[in-house]
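The values are calculated or read from the model by the stated rules, or taken from the named source; none is laboratory data. Quantities reported herein were computed from a predicted structural model and do not represent experimental measurements. When we count neighbours, we look across all protein chains shown, and the Cβ atoms used for this are built from the backbone with ideal geometry, even at glycine.
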Amino acid sequence: MGKHTQHATRFTYHATRNTQHTTRFTSHVSRFTSHVSRLTFYILLLFALTSCSAIPRFWENGDAAPTPDPHLTPTLPTPVATAAPTLSAPQTTTLKIWVPPQFDPSADTPAGAILQARLEEFAARRPQVEVVVRVKALTGGGGILASLRASQAAAPLAMPDLVMLSRPLLEDAAEDKLIFPLDELTDAMADENWYEYAQQLSQYEGETVGLPFAGDVLLMAYRPSVIEEPPVDWETLLATEAVLAFPASDVEALATFALYSSVGGEFVIKEGELLFDETSFLEVLRFFQKGWESEVIPYWLTQFETESQAWAAYQEQQAQLAFVWSASYLAQIPEDTALTSIPSQDGKSFTIANGWLWSVASIDPARQALSVELAEFLTTTAFMAKWTTAAGYMPPRSDALGMWREGESWGFLEQVLPNAQILPSQNVLGTLGPLVRDAVVSVLKDQVTPEEALLTLSGDDGVQ
């Protein structure tokens, strides 16, 4: 009985503990239910307060809020269309170039094709650049110089960016401020490969105003079948008994000035007067007198006023020697003809040179820089050698001469071109040219002695 009583007591104890746990669990459930009820109440209350159809809301003034009209349609703001962002197309710069007819890139010639390809190559390297070439006459109302003056006066924006000018035209353009100095834009002329004459061509009153593109030098043509060894000095020339053709009545007297420069003759402006070396000029007049006496320089040459007339006389077999500009010779080389330098008094190689240059005429600094870049691109060694070979001009660079007209013998140019000097200025040619022409014609017609011709020349218009 004792054991059963103990087991009953333990059972009662555990039953009592279970009852206590049940009571505690019931208490927790009641608390949780109470919290849920409160939460539900608050949610319902909040919903009731925010409902427009429930308890009326009052504004600060105590009035009831107006009841919305169910028949009104709310007005929404009209959306404003916004254009989709677009990338603007790159702006194209059009470079305007003026060239004389012989430099037309559209001409149906090998030189034209080479120049056109070069311009296209530049544009391909600069996708935003378009190069437009306009051909302008050399002279006249529509010529390059006249057009530059007219554009600058009436429409500066119509000025070309880059223009091709001969040395005489370049002097006039620089004098009239139609082109701009390049010293601050390029150092291209610092290259030692430029010939001295090219350096001289590029300068005007101490400033660089153009980049040389093509050279033209005065040389002497001769017939190898008649003259085996070309004369290099005056004495040898006079002994050939061959006629030397040149335009003795040329108003600019270029052949005479070439001979004058070869003996060291110079021109100086002093106190407004244009002075020349009388001793050197007298030497030239005496050479002409001896030429007349030996019939190497006959009087009938005085009927020739232009180079083309004298060159035609040579081609028609009236002369065996002729002074000719290299561009004229290379344009159509006659049979049985070769070139050599102009004979000088002491036999040293010498000649005078003209040339064509790229000059900048744009007034816009950005376009000026782009124009100079194009001019530099057109005056590189390899391109210059290729183009001058096809066009018949002398390269202004010594390194280009090495690539020039491969397979042909032009060795004498290696001595001539380094010693070439540019032709006299427009001031000299315009002032002294007609007077020198008259003096030469008088000597060749045996009308006066060289000394008398010099006196007459020195006494005219303040020339001394």
| field | region 333-357, residues that are in a strand (DSSP E or B), under 26 Å from Lys290 (Cα atoms) and within 31 Å of the chain's Cα centre (by Cα) | value | Ile352
| said: Checking Arg149 against (1) over 16 Å from the mean Cα position of the chain (by Cα); (2) buried (at least 17 other Cβ atoms within 10 Å of the Cβ); (3) among the basic types (Lys, Arg): exactly one of these is not met. Which one? | reply: (2)
| query | Quick one: in region 411-430, which of the residues that are at pLDDT below 95, among the hydrophobic types (A, V, I, L, M, F, W, C) and closer than 19 Å to Glu252 by Cα is nearest to the chain's Cα centre (by Cα)? | reply | Leu423
| Inter-residue pairs, beta-carbon under 9 Å, first closer than 18 Å to Leu413 by Cβ and in region 197-208, second of a type outside the set (Asp, Glu) and part of a helix (DSSP H, G or I), 6+ apart | Tyr197/Leu417; Tyr197/Pro418; Tyr197/Asn419; Ala198/Met189; Gln199/Met189; Gln200/Arg167; Leu201/Arg167; Leu201/Leu170
| remark: Reported set for region 175-200 where residues are under 26 Å from Pro156 (Cα atoms) and touching a strand residue (DSSP E or B) at 6+ places or on another chain (Cβ under 9 Å) is Glu175, Leu178, Ile179, Phe180, Pro181, Leu182, Asp183, Leu185, Thr186
| message | Looking only at region 418-458, filter to residues that are in contact (Cβ under 8 Å) with a residue 40 or more places away in the chain and among the polar types (S, T, N, Q); which one of those is nearest to Asn193 (Cα to Cα)? | response | Asn419
| remark: Filtering region 125-146 for residues that are part of a helix (DSSP H, G or I) and within 16 Å of the chain's Cα centre (by Cα) leaves a count of 1
| request: Please give the number of the condition Glu283 fails out of (1) under 30 Å from Trp387 (Cβ atoms); (2) of a type outside the set (A, V, I, L, M); (3) out of contact with any helix residue (DSSP H, G or I) (no Cβ under 6 Å at 6 or more places or on another chain). | output: (1)
| task | Would you check if Glu307 is touching a Pro at 6+ places or on another chain (Cβ under 6 Å) and charged (D, E, K, R)? | result | yes
| task | Hey, can you tell me all the residues within region 202-218 that are closer than 23 Å to Lys96 by Cβ and touching a strand residue (DSSP E or B) at 6+ places or on another chain (Cβ under 8 Å)? | result | Ser202, Val209, Gly210, Leu211, Pro212, Phe213, Ala214
| query | Does Ser442 satisfy the condition of being at pLDDT below 90, over 31 Å from the mean Cα position of the chain (by Cα), of a type outside the set (Asp, Glu) and not assigned by TED's automatic domain parsing to the domain that holds Met189? | reply | no
